[in-house]
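Asker: Here it is, the structure in full.
The values are calculated or read from the model by the stated rules, or taken from the named source; none is laboratory data. Predicted model only: the values in this text are computed from it and were never measured. Positions of Cβ are generated from backbone atoms using ideal geometry, with glycine treated the same way; all protein chains shown enter the neighbour counts. These accessible areas exclude ligands, DNA and RNA; they are computed on the full protein's heavy atoms, side chains included. Shrake-Rupley method; radii C 1.70, N 1.55, O 1.52, S 1.80 Å.
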Amino acid sequence: MSRGGRQWPALLGRLAVVLLALQAVAFSAVALANLVPDGLIVDELRSAVRSGAIDETSVFRQRTGGMSDRYGECVMFGIGLGEPEGQSWFGTLALSPTLHACPNLVRRLEAEAAGEPLTSVRKIRYWNGLSVVARPALATVGVNGLRVVAVVSLVASGCCLAAVVGRAAGRLPAVALLAPLVAAGDLGGLVGVFHHPLMMSVGLAGAAVLARCAASGRGGRDLAVAAFAAGSVYSFFNLMNFVPGVWAVSAAAVAAGVPARHGARTRAARMAAAAAAWPAGYVSMWAGKWILAAAASSPSEVFDEISSQIRLRINGETRYSSGEPFSGLGENVDYWLGLPLVPAVLAASGLFLAVAVWRLARSPAPAVRTAAVIAGPALIVVLWMLAVSSHNEVHEWFEYRSLPMALGVLLMASCTPVRTSTAAATPARATAAAARPDEAR
């Protein structure tokens, strides 16, 4: 067997080990989170309702013009609560009982306070990974404390990604990558709830790890395994939010992190390995929840739920979505353009890109190829919004954040080649200086 023929079984074997290990860790983490007494969480939720930190509002409009997803946050507040009487320990973990959206959560808490059983609904499509953070935090620091924890996590992961990209490609590319999300991603709406910034922090932390692996000189197989793990971890904490943006940033961070001594072909191969493995990891973790849910309920119930949701998310027609092929992308673009700061950010970004392209046009061919490779993952966002059109049309008021993430990829790509081409030329200049010691002094 050729060397290439031996590499594939080895890679698939490593991915299988990572898959099984992460599934085991995920289940164990949810099980540990469920050890937090439900009574402590219920008490904190009641206190939050009394103080106004939780109300029946499912979508909260911020002063910044954007909106916060209180609906999804309330669903995550109640994960693990209100399991039906007689349901097994395994069933509670696999079927993810929850008090559901804000109106339901408030009413169920009121009914329980009046002496009625705490009822729930199932959340079988996704891992309840957010409960690993939410349940202990709710029991100790309450609702607002949990929101603070999420914001701190987001800031920390963003700084970590900026630091790693900065060391690998330069400060300007690091700033360029994150600036559109910070300036035009409506941070007020993002941090108005706990689950969105917590998801985003996990995604950015994964991108930082991948960039660090690329900068250390890891090859395509190692990067594929790391990206598979990063996608899996994001899926564990995720509710299908910001998927294309995090995916694109992760792949682009790998491309930018590859050392300057490597050519565009090696850079592209390593980026492609990460870009292909990341969604594979995401889907594998997602499917793991389906298997657990099928074991706790029935395969037919899970199959019907998943298949109907897939059809609905791709091009389903509902009162919130038209089912038209380009509606998801169009709605996200329209919503994003309607935010107050976005026109100014786009104007500044356009000027930045124009200057960068002008410089690239006068740069050596390797710099142009490097820019093209790093910019490539931005297409992921467009293709995803076209493929999963109805999902993006229904949730355009927060899914649009993948658009500034894609813009950040383009900005980073436009200025990274200046650094890499300069770094690549340094050894040659040093050799020439050494040959002319008098001139060098």
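Asker: So, in the range 33-46, exactly how many residues are surrounded by 13 or more Cβ atoms within 10 Å (Cβ to Cβ) and in a helix (DSSP H, G or I)? Talk me through it step by step, then tell me what you get.
Answerer: If we filter the range 33-46 for residues that are surrounded by 13 or more Cβ atoms within 10 Å (Cβ to Cβ), which is where we start, we get 33-34, 36, 38, 40-46.
Cutting the leftovers down to in a helix (DSSP H, G or I) gives us 33, 38, 40-46.
Residues that pass the stated criteria total 9.
Asker: Please enumerate the residues belonging to the range 256-274 that are touching a Ser or Thr at 6+ places or on another chain (Cβ under 8 Å) and at pLDDT 95 or above. Steps first, please.
Answerer: Narrowing the range 256-274 to residues touching a Ser or Thr at 6+ places or on another chain (Cβ under 8 Å): 256, 258, 260, 264, 267, 274.
Within the range 256-274, Ala256, Val258, Arg267, Ala274 qualify.
Asker: Related question: When residues of the range 246-261 are filtered for being assigned to a helix (DSSP H, G or I) and open to solvent by 10 Å² or more (accessible area, probe 1.4 Å), how many remain? If you could, list the steps in order and put the result at the bottom.
Answerer: Applying the first criterion (assigned to a helix (DSSP H, G or I)) to the range 246-261 yields 246-257.
Still in the list and also open to solvent by 10 Å² or more (accessible area, probe 1.4 Å): 247.
The qualifying residues number 1.
Asker: Are any residues in the range 47-91 open to solvent by less than 10 Å² (accessible area, probe 1.4 Å) and touching a Gly at 6+ places or on another chain (Cβ under 8 Å), and if so, which ones?
Answerer: Selection gives Ala48, Gly66, Ser68.
Asker: Return the pair list, or none, for Cβ contacts closer than 7 Å from residues in the range 146-163 that are touching a residue at least 40 places away in the same chain (Cβ under 8 Å) and within 28 Å of Gly78 (Cα to Cα) to residues that are crowded, with 18+ Cβ neighbours inside 10 Å and of a type in the set (Phe, Trp, Tyr), at least 6 apart or on different chains.
Answerer: Short answer, once both residue conditions are applied: Leu146/Phe194; Arg147/Phe194; Ala150/Phe194.
Asker: Just to check your reading of the model, which residue among Ala29, Ala16, Ala21 is open to solvent by less than 30 Å² (accessible area, probe 1.4 Å) and small (Gly, Ala, Ser)? Please lay out each step first, then the result.
Answerer: Working: Ala16 fails: open to solvent by less than 30 Å² (accessible area, probe 1.4 Å); Ala21 fails: open to solvent by less than 30 Å² (accessible area, probe 1.4 Å).
None of the others qualify; the one that does is Ala29.
Asker: Being part of a helix (DSSP H, G or I), open to solvent by 30 Å² or more (accessible area, probe 1.4 Å), aromatic (Phe, Trp, Tyr) and modelled with pLDDT of 95 or more, is that true of even one residue in the range 336-351? I'd like the intermediate steps shown before the answer.
Answerer: Initial filter on the range 336-351 (part of a helix (DSSP H, G or I)): 336-337, 342-351.
Remaining after also requiring open to solvent by 30 Å² or more (accessible area, probe 1.4 Å): 337, 343-344, 346-348, 350-351.
Cutting the leftovers down to aromatic (Phe, Trp, Tyr) gives us none.
No - not one qualifying residue is present in the range 336-351.
Asker: Right, next: Are any residues in the range 122-139 small (Gly, Ala, Ser) and buried (at least 22 other Cβ atoms within 10 Å of the Cβ), and if so, which ones? First the steps, then the outcome.
Answerer: In the first step, residues of the range 122-139 are kept if they are small (Gly, Ala, Ser); the result is 129, 131, 134, 137, 139.
Gly129, Ser131, Ala134, Ala137 - these are the residues of the range 122-139 that are small (Gly, Ala, Ser) and buried (at least 22 other Cβ atoms within 10 Å of the Cβ).
Asker: On to the next question. Among the listed residues Ala111, Ala94, identify the single one that is more than 16 Å from Ala134 (Cα to Cα), open to solvent by less than 40 Å² (accessible area, probe 1.4 Å) and without any contact (Cβ under 8 Å) to a residue 40 or more places away in the chain. Show your work before the answer.
Answerer: Numbers: Ala94 fails: without any contact (Cβ under 8 Å) to a residue 40 or more places away in the chain.
On inspection, the qualifying residue turns out to be Ala111.
Asker: Pairs please, first residue from the range 247-259 and closer than 14 Å to Gly281 by Cβ, second anywhere and open to solvent by 10 Å² or more (accessible area, probe 1.4 Å) and hydroxyl-bearing (Ser, Thr, Tyr), Cβ atoms under 6 Å, 6+ apart in sequence or on different chains.
Answerer: Final answer for the pair search is none.
Asker: If you don't mind, there's one more thing I want to ask. Consider only pairs whose beta carbons are under 6 Å apart and that are at least six residues apart or on different chains; among these, list those whose first residue lies in the range 224-235 and is in contact (Cβ under 8 Å) with a residue 40 or more places away in the chain and farther than 17 Å from Lys289 by Cβ and whose second residue is among the charged types (D, E, K, R) and in a helix (DSSP H, G or I).
Answerer: Val225/Arg14
Asker: Ok, one more. For the range 357-367, state whether one or more residues are among the hydrophobic types (A, V, I, L, M, F, W, C), closer than 24 Å to Tyr400 by Cα and in a helix (DSSP H, G or I). Explain how you work it out, then say what you get.
Answerer: As a first pass, look at the range 357-367 and keep what is among the hydrophobic types (A, V, I, L, M, F, W, C): 357-358, 360-361, 365, 367.
Then drop every residue that is not closer than 24 Å to Tyr400 by Cα, which leaves none.
No, that holds for no residue.
Asker: Can you tell me how many residues within the range 177-235 are surrounded by fewer than 22 Cβ atoms within 10 Å (Cβ to Cβ), outside any helix (DSSP H, G or I) and either touching a helix residue (DSSP H, G or I) at 6+ places or on another chain (Cβ under 6 Å) or of a type in the set (Asp, Glu) (or both)?
Answerer: So the answer is 1.
Asker: Moving on. Is there any pair linking a residue in the range 365-383 that is closer than 17 Å to Ala253 by Cα and open to solvent by less than 20 Å² (accessible area, probe 1.4 Å) to one that is of a type in the set (Ser, Thr, Tyr) and assigned to a loop (DSSP other than H, G, I, E, B), with Cβ under 9 Å and at least six apart or on different chains, and which?
Answerer: Ala371/Ser363
Asker: Also: Quick check: anything in the range 395-413 crowded, with 20+ Cβ neighbours inside 10 Å, small (Gly, Ala, Ser), more than 29 Å from Ser321 (Cβ to Cβ) and at pLDDT 95 or above? Walk me through how you get there before you give the answer.
Answerer: First pass over the range 395-413, keeping only residues crowded, with 20+ Cβ neighbours inside 10 Å: 395-396, 398-413.
This time we only want the ones that are small (Gly, Ala, Ser), so: 402, 406, 408, 413.
Now drop any that are not more than 29 Å from Ser321 (Cβ to Cβ), which leaves 413.
This time we only want the ones that are at pLDDT 95 or above, so: 413.
Within the range 395-413 (the criterion being crowded, with 20+ Cβ neighbours inside 10 Å, small (Gly, Ala, Ser), more than 29 Å from Ser321 (Cβ to Cβ) and at pLDDT 95 or above), the answer is yes, since at least one residue qualifies.
Asker: What residue, among those in the range 262-298 that are among the hydroxyl-bearing types (Ser, Thr, Tyr) and assigned to a helix (DSSP H, G or I), is most open to solvent (accessible area, probe 1.4 Å)?
Answerer: Of the residues in the range 262-298, the ones among the hydroxyl-bearing types (Ser, Thr, Tyr) are 266, 282, 284, 297-298.
If we keep only those that are assigned to a helix (DSSP H, G or I) too, we end up with 266, 282, 284.
On the way: Thr266: 51, Tyr282: 15, Ser284: 23 Å².
For the range 262-298, the residue satisfying everything is Thr266.
Asker: Which condition does Asn241 not pass, out of (1) under 27 Å from Ser322 (Cα atoms); (2) in a helix (DSSP H, G or I); (3) in contact (Cβ under 8 Å) with a residue 60 or more places away in the chain, if it passes all the others?
Answerer: (2)
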